[in-house]
Amino acid sequence: MLTYTNRLPRLTLPEYGRNIQRMVDHCVTIENREERTLCANTIVNAMNTLFPAQGDNQAEHMRKLWDHLFIMSGFNLDVDVPFEHVQSDVFADRPDNIPIARPEHMPMRRYGRNIARMIDVACGMEPGEERDSLVFLIADHMKKIVVAFDREGVDDRRVFDDLRMLSHGMLALDPEQTTLHEFRALPAPSKKKKKK
């Protein structure tokens, strides 16, 4: 009968494979300390054969292999080590949780956060020509976004109403005096293959 790997115990460091893990498990069970140390050296040499050192830093690489050996043994291995090996308390501390910013409420998500920020900036500006130019550019960009969603075309009044709502009535464009640019959505690409 086949033994499936999902039925076997989970590997601590799967890059070394199940055979190295079995060697480590056997090494922990050896009662004689000298034989256990000799077995641990043999396992580290096998690990070094699987993953040889890259570059000139052989000592640091061997230290890493010994640390991996202790990690794979669950820190239960008692052998003579040529290096100061890693302790289990290093893994006891968990890193702090990264706070995830909760999305703020957006009444019209299709416009996105940047449009909302630009509207806030325009609302904070002094009335004048510069503010009027910015409001026109914001409305023009809003129309581009709406055209991307609604391919049949967009009435300027709809954009002006959305702008008024998003600015809480502070920014209002008159549809009689202001005309936004006409945008057309690009036709959807055809799915037919080109002939060669």
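The values are calculated or read from the model by the stated rules, or taken from the named source; none is laboratory data. If you're wondering where the values come from, they're calculated on a predicted model, not measured in any experiment. Every residue, glycine as well, gets a Cβ built from its backbone with ideal geometry; the counts of neighbours run over all protein chains shown. What goes into the accessible areas is simple: the full protein's heavy atoms, side chains included, and nothing from ligands, DNA or RNA. Shrake-Rupley method; radii C 1.70, N 1.55, O 1.52, S 1.80 Å.
Below are the figures for this structure:
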| quantity | calculated |
| --- | --- |
| Rounded tilt (10° steps) of 129-149 against the dominant C-alpha axis of the chain | 70 |
| Heavy-atom surface of the chain, accessible at 1.4 Å and reported per residue (Å²) | 77 |
| Spherically averaged projected area in nm², based on the convex hull that wraps the Cα atoms of the chain | 26.0 |
| Contour minus Cα-Cα distance for Phe136 and Asp150 (0.36 nm per residue) | 3.0 nm |
| Packing-based order for 87-93, 165-171, 18-24, using average beta carbon neighbours within 10 Å, highest first | 18-24, 165-171, 87-93 |
| Folded to 0 to 90 degrees: helix 17-29 orientation relative to the chain principal axis, Cα | 50 |
| Cα long-axis angle, helix 156-166 against the chain (0 to 90 degrees, to the nearest 10) | 60 |
| Overall form of the stretch 20-94 per C-alpha gyration tensor (a/c, 1.5; a/b vs b/c) | oblate |
| Extension gain from Thr3 to Asp25, taking 0.36 nm per residue of separation minus the Cα-Cα distance | 6.1 nm |
| More than 16 Å apart - percent of Cα-Cα pairs taken over the stretch 58-144 | 71 |
